1. Return the calculated 222 nm mean residue ellipticity for the chain, to the nearest 500 deg cm²/dmol, obtained by summing -39500 (n - 2.57) across DSSP H runs with n ≥ 4 and dividing by the residue count.
2. For the chain, what is the per residue volume of the convex hull drawn over the alpha-carbon atoms, in cubic angstrom?
3. Per residue, how much accessible area does the chain show when a 1.4 Å probe rolls over the protein heavy atoms, in square angstrom?
4. For the ranges 84-96, 22-34, 59-71, what's the packing order if you count other beta-carbon atoms within 10 Å of each residue, average per peptide, and put the highest first?
5. Tell me the relative contact order for the chain as a rounded percent, counting alpha carbon contacts under 8 Å between residues six or more apart.
6. Counting Lys +1, Arg +1, Asp -1, Glu -1, what net charge surrounds GLN56 among other residues with beta carbon under 14 Å of its beta carbon?
7. Where a ≥ b ≥ c are the square roots of the eigenvalues of the C-alpha gyration tensor, would you call region 1-61 rounded, which needs a/c under 1.5, or, failing that, prolate if a/b is larger than b/c, or oblate?
8. Treating the angle as unsigned and between 0 and 90°, give the value, to the nearest 10°, between the Cα long axis of helix 2-18 and the longest Cα principal axis of the chain.
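The values are calculated or read from the model by the stated rules, or taken from the named source; none is laboratory data. No experiment lies behind these values; they were computed from the predicted model shown. Cβ placement follows ideal geometry from the backbone for every residue including glycine, while neighbour counts extend to all protein chains displayed. For the accessible areas, the whole protein counts, side chains as well, though only heavy atoms, and no ligand, DNA or RNA atoms are used. Shrake-Rupley method; radii C 1.70, N 1.55, O 1.52, S 1.80 Å.
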Amino acid sequence: MNSLRDLDSSIDQWFLEDIGNGDHTTFSTIPDHVSGSAKLLVKENGILAGTRVARQIFHRFDSGIHFDLQKKDGSSIAPGDVVFRVKGKVHSLLQCERLVLNVMQRMSGIATTTREYVS
């Protein structure tokens, strides 16, 4: 349980650095009540990592976001694969997406390089 608390603490710091006092473009162009959905679509071959962190980022920001995992960490991925789908308030999805993408790209890049070395 301590590791989840540590992860939450890191996520809070990342939000502070990345979002600060909010995404003002989103606030000024999209009404607060609008809901939507998104998916993480793979663009390169590799090994997937970071889905647990991605789920926690979305849920830490907005517990009302529905996160539907399609691929598990450690899976081989290829262009066109869908890793997960999310549904919820568009404000929440847009404010989390850049952080989620950065974390997932970094962790998957490390997993992919590690797999190459092991092979």
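1. Estimated from H runs of four or more residues: -17500 deg cm²/dmol.
2. 113
3. Accessible area per residue: 62 Å².
4. Result, highest mean Cβ count within 10 Å first: 84-96, 59-71, 22-34.
5. Reported as a whole number, the value is 34 percent.
6. -1
7. Note, shape of region 1-61 comes out oblate.
8. Compared with the principal axis, the helix lies near 60 degrees.
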